[in-house]
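Okay, structure first, notes after.
Quick note: the coordinates plus some simple rules give every number you see, no bench work behind them. Computed from a predicted model, the values in this text were never measured in an experiment. Note that each Cβ is placed from the backbone with ideal geometry, even for glycine, and that neighbours are counted across all protein chains shown.
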Amino acid sequence: MIYNDLDKMVVRFLKGEDDAFDYIYDETKKTVYLSIYQIFKSKDKIEDIMQDTYLKAIENMHKYEIGTNFKAWIAKIARNLAINDYNKNKIIEHVDDFDDFENDKKNSDISLVDRAYEILDANPVKYEKEVFTYRIVIGLGYREIGEILDIPKSTVFDIYNRCIKKIKELL
Amino acid sequence: MRKRDLKKFNINENEIPDIKERIKNSYEFKNRKVISEEAPSKKRINFFNRSWAPAILGVGVVILVCVISLISTTISESRRNSYTTDMSLNYVSSKSNLKEIVNYSKSREKNNSAGWFSLFGASFKAMEDASPVDAPNSIDSENGGEYSEEYAISETNKQVENVDEADVVKCDGNRVYRVSGQYIYVNDINSGNIGETIKIKLKENNKSFINPEIYLTDLYLVVLFSDGWYYSSSTINVNIYDIETLELVKTYQSKSRSLNTSRLVMGNEPILYLIFNQYLVEDGSSYELPNEEIDGKEVEYDYSDICYFNTLRNNCYTVIVSIKLGEEININSQVQLGDGYWDAVYMTESSIYLARVHYDYSSRYISFNVFEGYDGYDTVSVIVKYTINNGEITPIGTIRTAGQVINQFAMSEYNGYFRVALSQINNNKVEVYRQDKDGEEYKFKLVGKVDKDLGEKNEVIKSVTFNKDICLVVTAKNTDPMYKIDLSDPTLPVIMGKFKEDGYNSYLQYLKGDLEGYAIGLGYMTEDISEYYNIRKGAKFGLYDVTGDNPVQLQLIEYADVYPEACENHKALFIYKNYVGFNTNQQNKYVLYSIDKTIDGEGNESAVINVKLEYAIDYESRLYFVNDYFYLASASRLVSFDSDYQKVNEVIDDYGYDYEDWYDYQLMD
């Protein structure tokens, strides 16, 4: 079977090669970060959940189906951990609640991604922000996004089209 | 809008916390499970080092969760066994009315905590004494017809006889037509000889069109292609060429749409049906109407042309266009408000069924397993039926029932009954509906079903095939039970038997003619690596004797570490008389098999698979049989073989991309 490089590294990691984790981390950190960033903005919180995500992934990596999509697999872990944390604490984070966020992001520095999130949050629709993040920012396929969110590919496609229309002013 | 426009949506990677070293120094990293050649160690961390009080509390919480789950599961179970139908067709009366209908739909979605609508309030019990009056015009169109000996030519492997499906290669016995990039390649063929390639460019100055597909009729070569991304809204083009002269005679274009699928109903005057989805675009106080372009001229609709069912999620247009391909080409269309992209489309010569899955969140349950998510929901399908007659398309009604219609093969119309296989984990079923007259209307009635013992624990339906009164269903998590279901009494479908094998079939097909009673399956080999997960290890091709109650596997061919296109695209499979062929993807080898009857050691009739021909060619390739010769075609190659499987002729072409356009094409998704 011809696996992609990430899957090859997962196999090596499962066999005990510590160095393989460097590649796995570098390839997936953006996906993991953004999966959590949709829900939490605090740097500390994101770090904690990122750590939990990787530890959980390491513990269960033998359950990953080689040849499917590792990024989608770990994204699902990150997202579910973030959601569970949110449900437990029910804290809605506002951008201006956090000094560090204010220090890090002045209005002029707000990224296009954050501006897109603002537009999507103004009239929120379920999974829209997630589809935007996974499809446009990370570049996952519809099927993979469907597996992360547990919805059919056709639903992802619908949401994606609505989302594109909403953010078209940013294009 | 191009993907490069969206590339600017990115983040500054310096914002991402770098916790790599922290993880590598963690206890979990250093003491993680390592998989070796030997059996994995069963050593586990000892959890039982707590005092009694927390343990008792923990047990109490578990019991509470179980009780809650049991209650919600019971509610969910009863919902799963209900269905609803809606035959009340309405028409939009005005521009403002369209806005009202869409807003009502949206508010119902938002406010209804039961998801789309509650099944409790609209449950419909099967009428046991109903007898059909003037059974609707369904035709036993599946699996009919024997191979004609007069003019021996194979066809695209399609689901329903006389309803053709578009493909990347077609053959009419005189020529082979192939898709290659931005071109159609046409070659004359005659007794194994292949003529020079004629190249037809589909559109000038077009840099981004995708996925051309072909149909052939006696009069025309029809090519469908889109400008833009495969799944996004784009312009769909239909080019109609004179089959003799290859001159372009008519064009049809629809903008801002996605093409769900198409079919060609054969006959004296073939009719092409195109099924589109078009998203609603705001236009001031309401929404824009759909738009068409025929030979460069815009066709206008009126709001009153748009129909809808109240039970659908009315946030999108489903536009069905019919194009009559006679001496004169006539275009008709029907617009309905409804849902988005249809998951499965089944079509006969007289009916269209569109199916889509929805989620009912009314029976939420709590799951603490991060791998299974935190939301509970029931899977339901909405199925819309139309009748078609000489290009006229008429919506009939909808069925809403639990489970997912996995693909077109999960639906079948036969002898006035509509049969559908519905997949839902631990709740797979096959339902049989009839359209009965109730007063002046026809209504769908559920007359029979199999909803028990179809699938083992945690299994879903992977493949289905209907053949008259029999249905074969494969369910799988890891092992592959193939169930044989008797539908001869539509009110009492019965599981006759089953056969278990490793892996699962993603496609099943009964064989015809002398091989009636046998079936083939294509699918995947899998290996269990934990209780919940498995890995695909390659593909498999199996031959089964399905004459008895329990299917019997006669032969299995395995392909390690490869995945043939035919596992997921039935049109990539060549089936003609006793031949089966497909590209195995092992070194891109196309293999032609024959299935030959034998007598086994006990004197009983059996069958075996023999290899007849192997040839390396592009992954996306098709085989045709014309008057004792085989023609193997791909975007860059056309090869002929004689009846002794010896190569006769070969034509090699460049891929049909103009390089300036090709550069831009590469930047697309």
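Points worth noting:
- Residue-wise HN-Hα couplings along the stretch B:346-358, as the Karplus relation 6.51 cos²θ - 1.76 cosθ + 1.60 with θ = phi - 60° gives them from phi, are 10, 9, 10, 6, 10, 9, 10, 10, 10, 10, 8, 9, 10 Hz; Gly and Pro carry x.
- Cβ-defined net charge surrounding A:CYS163, 9 Å radius [Lys, Arg +1; Asp, Glu -1]: +4
- Average Cα contact separation per residue, the stretch B:543-647, under 8 Å, 6 or more apart, as relative contact order %: 18 percent
- Ranked from largest, the principal axis spans of the Cα set of the stretch A:110-171 equal 30, 20, 15 Å.
- For A:ARG143, B:ARG419, the sequence from fewest to most other C-beta atoms within 10 Å is A:ARG143, B:ARG419.
- Coil-residue GluC sites (Glu not before Pro) of the stretch A:15-76, DSSP, other Cβ within 10 Å capped at 10: none
- Overall form of the stretch A:10-56 per C-alpha gyration tensor (a/c, 1.5; a/b vs b/c): prolate
- Summed side-chain charge close to B:ILE399 - residues other than B:ILE399 whose Cβ falls under 9 Å, Lys, Arg +1, Asp, Glu -1: 0
- For B:VAL163, net neighbour charge (Lys/Arg +1, Asp/Glu -1) across residues whose Cβ lies under 9 Å away: -2
- Between B:SER351 and B:ILE388, the built amide H atoms are under 5 Å apart, and every one of these is 5 or more places off in sequence or on another chain.
- With neighbours defined as other Cβ atoms within 10 Å of a residue's Cβ, the residues B:LEU64, B:LEU202, B:LEU272 order from fewest to most as B:LEU64, B:LEU202, B:LEU272.
- Cα gyration tensor shape for the stretch A:1-93, rounded if a/c is under 1.5, else prolate or oblate: prolate
- Take each residue of peptide A:111-121, count the partner chain Cβ atoms within 10 Å of its Cβ, and average: the result is 2.
- Listed by chain and number, the lysines whose C-alpha is less than 17 Å from the C-alpha of B:LYS24, apart from same-chain residues fewer than 8 away, are A:LYS15, A:LYS29, A:LYS56, B:LYS33.
- Amide H contacts of B:ILE329: none lie under 5 Å away among residues 5 or more positions distant or on a separate chain (H built 1.01 Å from N in the peptide plane; Pro and chain starts excluded).
- Of the residues B:VAL648, B:VAL430, the one with the fewest other Cβ atoms within 10 Å heads the list, and the complete ranking is B:VAL648, B:VAL430.
- Which listed pairs, of A:LYS30/B:LYS571; B:LYS512/B:LYS540; B:LYS468/B:LYS500; B:LYS255/B:LYS445, have C-alpha distances above 28 Å, in listed order: A:LYS30/B:LYS571; B:LYS255/B:LYS445
- Between amide H atoms placed 1.01 Å from N, distances below 5 Å from B:SER606 occur with B:THR598, B:ILE599, B:ASP600, all of them 5 or more places distant or on a separate chain.
- Between the alpha-carbon centres of the stretch B:158-225 and the stretch A:29-51 there is a gap of 50 Å.
- The HN-Hα couplings worked out from phi for the stretch A:116-123 by the Karplus form 6.51 cos²θ - 1.76 cosθ + 1.60 (θ = phi - 60°) are 5, 4, 4, 5, 5, 6, 5, 9 Hz, whole numbers, x standing for Gly and Pro.
- Residue-by-residue Karplus 3J(HN,Hα) for the stretch B:238-245, coefficients 6.51, -1.76, 1.60, Hz, glycine and proline x: 10, 9, 10, 10, 5, 5, 7, 8
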